[in-house]
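Worksheet: one structure, shown below.
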Amino acid sequence: MTDAAATHAAEHPPYLAHHFTDIEQQNEAGTLGMWLFLVTEIMFFGGLFAAYAIYRYMYFDGFYKGSHLLDWHYGAANTAVLIGSSLTMALAVRAAQLGQRKALIAFLLLTMLLGIAFLGIKLTFEWSNDYREHLIPGHLFPGMEFDTIKHGPAVQLFFCFYFFMTGLHALHMIVGLGIMAVLVWMAARGRFDAGYFAPVEVSGLYWHFVDIVWIFLFPLLYLIGGTYKQ
Amino acid sequence: MSVHVVPVRTYVTIFLLLMVFTATTVWVATIDLGPFNTLVALTIAVIKMLLVILFFMHVRSSSALTKTFILAGFFWLLLLMAFTLTDEGSRNLPPPPDGWGSATVAPAAPAKP
Amino acid sequence: MSAAVAEAPPETRVNYLNAEYGIKSWLLTTDHKRIALLYLASITVMFFVGGMMAVLMRLHLIDPAGALVHPDTYNKLFTMHGAIMIFFFLLPSIPAVLGNFLVPMMVGAKDLAFPRLNLLSWYIYVVGSCLALYAMVSGGVDTGWTFYTPYSTSYAHSQVMATALGVFINGFSGILTGLNFIVTIHKMRAPGLTWFRMPLFLWAIYATSIIQVLGTPVVAITIFLVGLERLFHVGIFDPAVGGDPILFQHMFWFYSHPAVYIMILPGMGVISEIITCFSRKRIFGYSFVAFSSMAIAVISFLVWGHHMFVTGMSVYAALIFSVLSFLVAIPSAIKVFNWMATLYKGSISYQAPMLYALGFIGLFTMGGLTGLFLASLATDVHLNGTYFIVAHFHYIMVGGAVMAYLGGIHFWWPKITGRMYPDTWARLAAAIIFIGFNLTFYPQFVLGYLGMPRRYATYPAEFQVLNVMSSAGASILGIGYLIPLIYFIWSMRYGPIAPANPWRAKGLEWQTPSPPPTQNFDETPVVTEGAYAYGPPGSAREGAHD
């Protein structure tokens, strides 16, 4: 490497984008950008929560009945799984901070595993059950329409919100899994070290946010009016 | 970007706290507190959220700007819900159609001056 | 430094336009200046598509029984005119074109914080626009741009889903652009550029971006729910099935009212830049103008109920929204007073940008004042749903935002393209637009006051004279808009080469050559004076540092 190239490399590490003056500015910009994106997600999910709150206020009876048609055990298990995945994600970021490549990859894979477990529990135990019990709203699956005679239309509205809110959440989790996969690949290629791990930190913020959404979804959907018997 | 490294012990403690709060919220749901069930559940959820935000997301050691943005996000959501509820809560909601069951009792019509 | 660079012949000097050639260098660019031009091309297309619908509507309304189209088609025309103009022209216009081009230069940076995200924003916009255009050619949508339920969810047989999807996708373009601007302004300002030395255009863009980031997600989820309801018919917004149509309007207007401020705030920023330059004076009350932008951003989120006064909303909520709507007028008024005070005793010249700016001040004020009649509950009951509303928002959006956009394009055109447009034609076009605009929309205030409802394909015969006047004005306005299209395109090839600073304006963007090099600045500039350090010609202030 020539002198000029060596100086350039020293002043301009390969992970520093050309429009930034130094790595601190780049890192701060990245973190701020991700927080702003999470603020938009607060408003995005928040709009759903607001509509849900209004209809729960209007049709408490039906929402109560709908909530009791869900199995809170799976909801609680999923909550534990996601909280665990937040722990492993925080540990992954910590490993990146310390430049521990193997630990970083291990914790990222563990996070992905827990995320897949979450989706697995949802799909195999909850949603397929709901399908069999005619709880999916509307006419999406002909022959398996929602039984409004048995449950009432307010319960159908509840399930509409249930599927939409948990579905949107699941979509965000799938995107998160994709991001984790990319991070694992980048870490395996040695792209991160103690001086540069911003993508890991910023993705961690996203993952924790998805966890927080579930922290609210669980009580609001599964625990309405208590789990006690009528 | 957080500069100092949080010890593993802290993360695990927060994780255990979150699990405890999850168990608590399930347990409280088995007790009939009437309308307070929702309030307690939401309070516990907010505490869990704060634990994740402050410790897992490093906001405790983040800049004032970051904290301002986060607060603004929640405040704006509050605006949406509060203003919408002032209307939905003070209108005479029509009785629900057949089969919809009982709604919460709509507030009494305001007396004409 | 700019003098030395200007000596090099423009044909050989490397700038962002000739740095690379070929379609890939444009479609895969991360240069904010090229992305701004990509936006310029696409929104111009959408402007003329939406404008064509307006022309068809005004032609149709020459006759009280409807001269041109079937009433169902008329419904589709006003819907698509509104949706295209608002979502695909006005909302992106100044932020995506002028903002993208100028924000990095005004802060003294080489690019925005996230250049690749910037390119993604444009592609998202293109996808959304294509969906809207597809909806248009495959039958159109007739719900009104407001998608009111339950018509849009349960009864409309038009292309609601396609349009809704296009609008939904397009929202993310605005969110990402706003995110980019906020981070850039916070983190990438040049040394010495404190918040209160920034040009007011940056304050306006910053406030706009805050609204975009906080408001757009709510309309996104609302449109998503409309789509769901169309698919499942479970009663989310349909009263026959237990839903609340007013809830839809709450969620829709929570964004769509602040959206109108997304459309006007950047225009106000442009006006501050133009007024100061063409009166050779500092802005009067810089901090008041800066803070008023932020105040508008915040208060704009508290007034959305004024679109819903006659829907059956609770009277108590209506009272609160009415008071707050009066409040939101105050920061706008502060700006108008400050611009007038800036003009007072200024050394005023009347080039095209200034003509647009002066037109803006008058027309925006008229539009804003008429908003007060609509904020007041008693008068709104009579004026809502009439042409008064149509005139009110067109005075602000066309007489205000579009004129500010055109003024800004004229002001920064030499910087963007390195060419001057013909000034006489530009002034003529500005005059034609002003006259055509007023002839189109002033009669609509009268029509609305007299009771002619909006969104109707036919009207009582006694309103015909005013309608014909309005349609005549519309044709003049249309010609007025075509003239700049022609001379701008002409100027790109045949216009005189522009110097670095043809208006002798203050501001970092004018310290670079016209057109600027790809990296904007060879060295990061250091800012030592506030914005608008103008003074009388020949004085120490002109060109001197504070």
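Nothing in this text is a laboratory measurement; each read-out follows from the coordinates by a stated rule. Being a predicted model, the structure only gives us computed values, none of them experimental. Neighbour counts are summed over all protein chains in view; Cβ atoms, including those assigned to glycine, are modelled from backbone coordinates with ideal geometry.
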Once normalised by the length of chain C, the mean sequence separation of its alpha carbon contacts under 8 Å that are 6 or more apart gives a contact order in percent of 19
Computed, not fitted: 222 nm per-residue ellipticity of chain A from DSSP H runs ≥ 4 (each -39500 (n - 2.57)), nearest 500, equal to -24500 deg cm²/dmol
Among A:Thr88, A:Pro137, A:Tyr15, whose Cα lies farthest out toward the positive end of the dipole of chain A, if unit charges sit on the beta carbon of Lys, Arg (+1) and Asp, Glu (-1)?
-> A:Pro137
Applying the gyration tensor rule to the Cα atoms of the range C:316-403 (axes a ≥ b ≥ c; rounded if a/c under 1.5, else prolate if a/b exceeds b/c, else oblate), the class is oblate
For the pair A:Tyr131 and B:Leu78, the simple spin-label estimate (label points 7 Å beyond Cα toward Cβ) gives in nm 4.2
How big is the charge dipole of chain A about its Cα centre, in debye rounded to the nearest 20, if each Lys and Arg gets +1 on its Cβ and each Asp and Glu gets -1 on its Cβ?
-> 580
Run the dipole for the protein assembly as shown about the Cα centre, Lys and Arg Cβ at +1, Asp and Glu Cβ at -1, nothing else charged, and hand back the magnitude in debye, nearest 20.
-> 1020
53 Å tail of the calculated P(r), the protein assembly as shown, as % of Cα pairs = 17
Estimate the FRET efficiency between B:Leu50 and C:Tyr344 by the formula 1/(1 + (r/R0)^6), using the beta-carbon distance for r and 35 Å for R0, to the nearest 0.05.
-> 0.10
Give me the number: length gained by fully extending C:Asp63 to C:Thr311, i.e. 0.36 nm times residue separation minus the C-alpha to C-alpha distance, one decimal in nm.
-> 86.2 nm
Which whole-angstrom value gives the distance between the alpha carbon centres of the range C:484-511 and the range C:304-346?
-> 37
Could you tell me which of C:Ala426, C:Ser256, B:Ser90 has its Cα farthest along the dipole of the protein assembly as shown towards the positive end, charges placed at Cβ (Lys, Arg +1; Asp, Glu -1), taken about the Cα centre?
-> C:Ala426
Where Lys and Arg each count +1 and Asp and Glu each count -1, what net charge lies around C:His257 among other residues with Cβ under 15 Å from its Cβ?
-> -2
Which distance in Å, rounded to a whole number, links the C-alpha centroids of the range A:133-201 and the range A:28-106?
-> 11
Chain C - mean residue ellipticity at 222 nm from DSSP helices (-39,500 (n - 2.57) per run, n ≥ 4, rounded to 500) = -21500 deg cm²/dmol
Once you have the Cα-Cα distance between A:His18 and A:Met186, take 0.36 nm times their residue separation minus that, and quote the gain in nm to one decimal.
-> 58.4 nm
In terms of the Cα gyration tensor, with a ≥ b ≥ c the square roots of its eigenvalues, is the range B:16-59 rounded because a/c is under 1.5, prolate because a/b exceeds b/c, or oblate?
-> oblate
So what's the net charge close to A:Asn27: Lys and Arg +1, Asp and Glu -1, counting the other residues with Cβ under 11 Å from its Cβ?
-> -3
The range C:140-193 versus the range C:265-291: alpha-carbon centroid distance in Å = 28
At R0 = 35 Å the Cβ-Cβ FRET efficiency linking B:Asn92 and B:Lys67, nearest 0.05, sits at 0.25
Go ahead and run the numbers for FRET between C:Leu27 and C:Ala431, Cβ-Cβ distance against an R0 of 35 Å, rounding to 0.05.
-> 0.40
Treating only Lys and Arg (+1) and Asp and Glu (-1) as charged, each at its beta carbon, one finds that chain C has a dipole about its Cα centre, in Debye to the nearest 20, of 860
Counting only complete DSSP H runs, which helices of chain A cover 30 Å or more along their long axis at the Cα atoms and score a mean Kyte-Doolittle of 1.6 or above?
-> A:153-188
In degrees rounded to 10, the 0-90 angle between helix C:71-83 Cα long axis and the longest Cα principal axis of chain C is 30
Rounded if a/c is under 1.5, else prolate if a/b beats b/c, else oblate: with a ≥ b ≥ c from the C-alpha gyration tensor eigenvalues square-rooted, which is the range C:229-284?
-> prolate
By how many nm would the segment from C:Arg13 to C:Glu462 grow when fully extended, if each residue of separation counts as 0.36 nm and the alpha-carbon distance is taken off?
-> 155.3 nm
Return the subset of A:Lys150/B:Lys48; C:Lys33/C:Lys281; C:Lys335/C:Lys506 for which the Cα-Cα distance in this structure is over 32 Å, preserving the input order.
-> A:Lys150/B:Lys48
